[in-house]
Amino acid sequence: MSEFIIETKNLTKKFGATRVVNHVDLKVKKGEIYGFLGPNGAGKTTTIRMLLGLARPSKGSIHMFGKDIRKEKLAILRKVGSLVEYPSYYGHLTARENLEAVRVLLDVPKSRIDEVLSIVRLTKDAKRPVKGFSLGMKQRLGIATALLGNPELLILDEPTNGLDPSGILEMRELIKSMPKEHGITIVVSSHLLSEVDQMATQVGIITKGRIIFQDSIQKLREQASSSIKLTVNDVEAAWKTLLSNGYTTDLVQNNIYIDRGTDDQVAAIVKSLVEHDFSIYRVEEQKKSLEEIFLELTGKEGGLL
Amino acid sequence: MTRIMLSEFIKIKRKLILFLVVLGPLGVVGLQAVNFGLRYDWLTSQYKEDLWGGLIGEVTMLSVPTILIGLTILTSMIANIEHQTNAWKQLLSLPVSKMKVFAGKALLSFVLLFMACLLLVVGTIILGISLKFGANIPILYLLKMCFFPFLAAMPFLALQTWLAISMKNQAIPLTTGILGTIVSMYATGFPDWMPLKWPWLVNEWEKPIYSVLLGIVTGLGINLLSLIDFSRRDVK
C-alpha cells in the first residue's frame, strides 16, 4: 500500500508510431492540488483519459487508491469525479435532470443533487434546459456532476478553458476550496502556468509526452529564484579578473551574471571588483518568472516565439 | 442494469423519441384506414373469406419497411444523445461497465420498438372494429404478424445500434438503414439466407418461425460482437 492516491509507472500511449505519452510516472499524494501542466498537445488529456479508464495504456501501469486500474476499474471510478475538456451535458434536459441521469447510475441519495447544485451555485437555474446555459454555467454543472458521487479524487482537465476572467476566478476559488472543505484530492490540468501557480501545491510538467518536472510548487519557484546581474564599466576585463580570482560568472550581453549565488558570494565578488578598480554601476537581482522557466523547461519550439 | 435503463429513460425525455414510437404504428394504421376507406367495397370483396386476415396482411406489408426505417432513426437518435456533446466520456468515466452501457442502449431500442409493435396490435384492432369486421378477432395471428417481423429484423437492430454508437457521423448509419429499407421491399424474392428477407417471414419451408429464429440468433450474435468491440475501443 503506497501513500499515493495516483501512481503510474512507465505509462505509455502510442497512436500509431508516435508516443503521445511516454514513460510517465505520476505521483499524487492525498489532499494535494496537483497541477498538471504542459503545452497544448503534450499528452495531458491522453494521460487523464487513461487515468479514467477511457483509453487503454499501450504500456505501463496505473494504480489509484492502491488498486490496479486493469483489475478494479469500477471500484476506482466510484471514488473519482471527473471533468474532461469541454463539458458534457444533455442539452435538452434541465440541470436537475442532467444530474438525475447520472445520480441513478451512481445510486446516491436524491438530496445530493441539491447539495452539489448549491456548491456550484446553480440552484436557481436548476429548472432551465442546459442548452441555454453560458459556458461558465455548463462548466459548473460539469463540476457538480463530478462531485455527485462524493469523490475522494477529482480529475479536472482544463476546467478554466474558454471561461471569461470572472468565470476563471470563480472556478479557481471553487477548486481551491475543495481540499479544505471536503478533503478531496484534486488533479487539475492546464496549459497556463499562472493558473496552476495560483491553485496547485504540487506540479507536474509534461511536454512531448514526457514528465520533465514533478515536485512541489515551492521547488519550481526556487528554480525561478534569482541570479544577480552586475553592470560594470569594462565588462570583459572584469569577467576575466573574476575568473582569475576563482569566481565563475556568466557574461551575457555586456552584463555579468552570478547564478544562484549566496549573499556572501555576491559580497565577495563585488568586493573583488572594487579592489580591482572597476566601476560598478548596478547590482540587480534578476528574477526569472515562472513563465520563463516553463518555456525553458518545455522548449520554445512548440510555441510561436 | 435497472439503474442504467432508468437513466436511459430520463435521457430520452423531450427528444421526440417517444413521439416517433407512436408515429410509426399510427402511420401504418392510418394509411390502412385510408386504403380501406377508399377501396372498401373492392377490398372487402377480395378478402370476403377472411376480412381480419386480409386487413392484417395489408398492415404487415407496410409495417416491415416501417420497422426497418423506424429502428434506423431510433437507434441513431438514441446514440446521438451521447454524441452531441460527446457525453460518452462523462458516461463511461462513471462506475458502470462499458458493456452494460452498450447493452442498455441496445435494450432501450428493443423496448421502444416492442412498444411500437404493441401499439400496432392495438391500432389494427381498433381499425378492424371500426371497419365493422366483427368481433371475431384472430388475436394469435395478429400478434404473430405484428411481432414476428420485428423479431426477424433483430440483425438490423443490432447492426444499426452498433453503427450508430460507434460512429459520430450519423450519415453512415442512416444511409445503410435507408438503403436496407429500400432493398428489403424487393427482398421476398431473395434466397432464404439473406437477412433482408427474414422480416417478410417467407421461406421455402413456409414456416414463419424459422425466419424469426434465424433473426433472433443472428441478432444476438451481432450484438455480442458489437458489445466486445465497444468495450475494447478507446473513448474519444
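The numbers here are math on the coordinates, done by the rules we state, and not lab data. The structure displayed is predicted, hence computed values, not measured ones. Cβ coordinates were reconstructed from backbone atoms using ideal geometry, including for glycine residues, and neighbour counts include every protein chain displayed.
Rounded if a/c is under 1.5, else prolate if a/b beats b/c, else oblate: with a ≥ b ≥ c from the C-alpha gyration tensor eigenvalues square-rooted, which is the stretch A:227-286? Intermediate values should be presented prior to the final figure.
Numbers: a/c = 1.29, a/b = 1.11, b/c = 1.16.
In terms of gyration-tensor shape, rounded.
Sum up the charges of everything whose Cβ sits under 12 Å from the Cβ of A:VAL28, counting Lys and Arg as +1 and Asp and Glu as -1, but leave A:VAL28 out.
Charge balance near A:VAL28 sits at -2.
Provide the per-residue ³J(HN,Hα) series for the stretch B:90-107, in order, calculated from phi with Karplus coefficients 6.51, -1.76, 1.60 and θ = phi - 60°, each as a whole number of Hz, with x at glycine and proline positions.
Working through the residues one at a time gives 6, 4, 8, 9, 8, x, 10, 6, 4, 4, 5, 4, 5, 4, x, 4, 4, 5 Hz.
Whole-Hz ³J(HN,Hα) for each residue in the stretch A:144-150, computed from phi via Karplus 6.51 cos²θ - 1.76 cosθ + 1.60 with θ = phi - 60°, x for glycine and proline: what do you get?
Along the stretch A:144-150, the couplings run 4, 4, 5, 7, 3, x, 6 Hz.
Using a 10 Å cut-off on Cβ atoms, rank the peptides B:41-51, A:73-83, A:157-167 from the highest mean neighbour count down.
Details: B:41-51: 12.6, A:73-83: 20.5, A:157-167: 17.6.
In decreasing order of mean packing, B:41-51, A:73-83, A:157-167 become A:73-83, A:157-167, B:41-51.
What does the average come to when, for each residue of peptide A:82-90, you count the partner chain Cβ atoms lying within 10 Å of its Cβ? Numbers along the way, then the final one.
Numbers: counts 4, 3, 5, 2, 3, 4, 10, 4, 12.
Partner Cβ neighbours, averaged per residue: 5.
Rounded, prolate or oblate: pick one for the stretch A:88-186, where a ≥ b ≥ c are the square roots of the eigenvalues of its C-alpha gyration tensor, a/c under 1.5 means rounded, and failing that, prolate if a/b is larger than b/c, else oblate. All intermediate terms of the calculation are to be shown ahead of the outcome.
Numbers: a/c = 1.75, a/b = 1.07, b/c = 1.63.
Oblate.
Take every Cα pair under 8 Å in chain B that's 6+ residues apart, average their separations, divide by the length, and report that relative contact order as a whole percent.
For chain B, the relative contact order is 26 percent.
Using every Cα-Cα pair within the stretch A:189-305, state what percent have a distance larger than 25 Å. Walk me through the intermediate numbers first.
Working: 2693 of 6786 pairs.
Summing the P(r) of the stretch A:189-305 above 25 Å gives 40 percent of all pairs.
Can you give the helix-only mean residue ellipticity at 222 nm for chain A, where every DSSP H stretch with n ≥ 4 adds -39500 (n - 2.57) and the sum goes over all residues, rounded to the nearest 500 deg cm²/dmol? Spell out each step's value before the answer.
On the way: 11 runs with 111 residues, N = 305.
Here the helix-only value at 222 nm equals -10500 deg cm²/dmol.
Which far-off residues, 5 or more places away or on another chain, put their amide H under 5 Å from the one on A:LYS59, with H placed in the peptide plane?
So A:LYS59 has HN proximity to A:THR12.
Can you tell me what the convex hull of the Cα atoms of the protein assembly as shown projects to on average, as an area in nm²? If you can, show how the numbers build up before the last one.
Values: hull surface 136.6 nm².
That works out to 34.2 nm².
May I ask you to evaluate 6.51 cos²θ - 1.76 cosθ + 1.60, the Karplus curve with θ = phi - 60°, for each residue of the stretch A:24-39 and list the ³J(HN,Hα) values in order in whole Hz, giving x for glycine and proline?
8, 10, 8, 9, 10, 8, 5, x, 8, 9, 9, x, 9, 10, x, x
How charged is the neighbourhood of A:ALA42? Take every other residue with its Cβ under 10 Å from the Cβ of A:ALA42, and add Lys/Arg as +1 and Asp/Glu as -1. Please list the in-between numbers first.
Working: positive: A:LYS44, A:LYS208, A:ARG210; negative: none.
Taking every Cβ under 10 Å from that of A:ALA42, the sum is +3.
Averaged across A:99-110, how many Cβ atoms of other chains sit within 10 Å of each residue's Cβ atom? Mind showing how you got there, number by number?
On the way: counts 0, 4, 10, 6, 4, 9, 12, 5, 2, 0, 0, 0.
Mean partner-chain Cβ count within 10 Å for A:99-110: 4.
With equal scatterers on the alpha carbons only and no solvent term, can you work out the Debye log10 of I(q)/I(0) for the stretch A:4-222 at 0.09, 0.12 1/Å?
-0.34, -0.62
Could you work out the relative contact order of the stretch A:4-222? I mean the mean sequence separation of Cα pairs under 8 Å and 6+ apart, divided by the number of residues, in percent. Could you put the intermediate results ahead of the total?
On the way: 428 pairs, mean separation 65.2, N = 219.
Answer for the stretch A:4-222 is 30 percent.
As a test of the formula, what do you get for chain B when each DSSP H run with n ≥ 4 contributes -39,500 (n - 2.57) and the sum is divided by the residue count, at 222 nm and rounded to the nearest 500 deg cm²/dmol? Provide the component values of the computation, followed by the final result.
Numbers: 10 runs with 176 residues, N = 236.
After summing the helix terms and dividing by residue count, I get -25000 deg cm²/dmol.
Would you pull out the residues with amide H under 5 Å of A:ARG210's amide H, same chain only if 5 or more places away, H placed 1.01 Å from N?
The answer is A:ASN22.
Give me the net charge of B:LEU107's neighbourhood, meaning all other residues with Cβ under 14 Å from the Cβ of B:LEU107; Lys, Arg count +1, Asp, Glu -1. Don't skip to the end; give the middle numbers.
On the way: positive: B:ARG3, B:LYS11, B:LYS100, B:LYS105; negative: B:GLU8.
Taking every other residue near B:LEU107 into account, the sum is +3.
Quick query: amide H of A:LYS29 versus all other amide H atoms, modeled in the peptide plane; which residues come in under 5 Å with a sequence gap of 5 or more or a different chain?
A:ILE5
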